[in-house]
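Let me begin by presenting the structure, written as structure tokens, before commenting on it.
The values are calculated or read from the model by the stated rules, or taken from the named source; none is laboratory data. Owing to the predicted nature of the structure, the values given are computational and were not obtained by experimental measurement. Glycine also receives a Cβ, built like all others from the backbone with ideal geometry; neighbour counts cover every protein chain displayed. Note: accessible area is taken over every heavy atom of the protein model, side chains too, but ligands, DNA and RNA are not part of it. Shrake-Rupley method; radii C 1.70, N 1.55, O 1.52, S 1.80 Å.
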Amino acid sequence: TVVEEGGDPVGLDFSGVEEPELDTPVQVLVLEEGDGREVTPQDTVTVDYLGSVYDADAPFDESYSRGEPLVSPLSGLIPGWSIGLEGVPVGSRVLLQIPPALGYGTQGSPPSIPGNSTLWFLIDVIEAE
């Protein structure tokens, strides 16, 4: 469940969700489908996002509170984003579950992302070009 305060996402509630196996493929849940063109692997995307590891007390990173979306070539982000966002229409809100092998692997990204962490990202796709 997406936890919101004042209309902005501030966290994810993992109640009732079991921790996935490390080799589970990328899972994509479209929460709101946009009506823009579909994202391609060659695109530079503009997104708002919130990232969390399983059952964390707080996100490890997010852009909503900064008021400044992330702009990046999709190919420059972790592989799980490319897999999960390909084909998603601009204007969509999606939840991605990304296994360690397509995220930060066995090394993680200390201190906030331990090694072998499955990642969850709430992503609002604002633009793709």
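Could you pull out the residue among 43, 48 that is of a type in the set (Asp, Glu), open to solvent by less than 40 Å² (accessible area, probe 1.4 Å) and in contact with a Pro (Cβ under 6 Å, 6 or more places away or on another chain)? Talk me through it step by step, then tell me what you get.
Numbers: 43 fails: in contact with a Pro (Cβ under 6 Å, 6 or more places away or on another chain).
Residue meeting the stated conditions: 48.
Looking only at the stretch 19-35, which residues are open to solvent by 60 Å² or more (accessible area, probe 1.4 Å) and polar (S, T, N, Q)?
Here is the first cut: in the stretch 19-35, the residues open to solvent by 60 Å² or more (accessible area, probe 1.4 Å) are 19, 21-23, 25, 27-33, 35.
Within the stretch 19-35, just 27 meets the criteria.
Looking at 128, 56, 101 in this structure, which one is of a type outside the set (Asp, Glu), out of contact with any Phe, Trp or Tyr (no Cβ under 6 Å at 6 or more places or on another chain) and buried (at least 20 other Cβ atoms within 10 Å of the Cβ)? Step through it out loud before you land on a result.
Working: 56 fails: buried (at least 20 other Cβ atoms within 10 Å of the Cβ); 101 fails: buried (at least 20 other Cβ atoms within 10 Å of the Cβ).
On inspection, the qualifying residue turns out to be 128.
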* To do: Give the stretch 37-46 a look and list any residue that's closer than 8 Å to residue 128 by Cβ and in a loop (DSSP other than H, G, I, E, B), or say none.
  => 37, 39, 40, 43
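Quick grid of which residues meet (1) out of contact with any helix residue (DSSP H, G or I) (no Cβ under 7 Å at 6 or more places or on another chain); (2) open to solvent by less than 50 Å² (accessible area, probe 1.4 Å):
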site	(1), (2)
8	no, no
17	yes, no
37	yes, no
52	yes, yes
63	yes, yes
* Filter the stretch 87-122 down to the residues that are of a type outside the set (A, V, I, L, M) and not in a loop (DSSP other than H, G, I, E, B), then identify the one that is farthest from residue 69 (Cα to Cα). => 100
* **Lone qualifier among 34, 11, 84 - being of a type outside the set (A, V, I, L, M, F, W, C), under 12 Å from residue 121 (Cα atoms) and either more than 11 Å from the chain's Cα centre (by Cα) or part of a strand (DSSP E or B) (or both)** => 11
* Just give me the residues in the stretch 104-113 being open to solvent by 20 Å² or more (accessible area, probe 1.4 Å) and closer than 23 Å to residue 1 by Cβ, in sequence order. => 112
* Of all residues in the stretch 69-78, count the ones that are in contact (Cβ under 8 Å) with a residue 24 or more places away in the chain, in a helix (DSSP H, G or I) and open to solvent by 30 Å² or more (accessible area, probe 1.4 Å). => 1
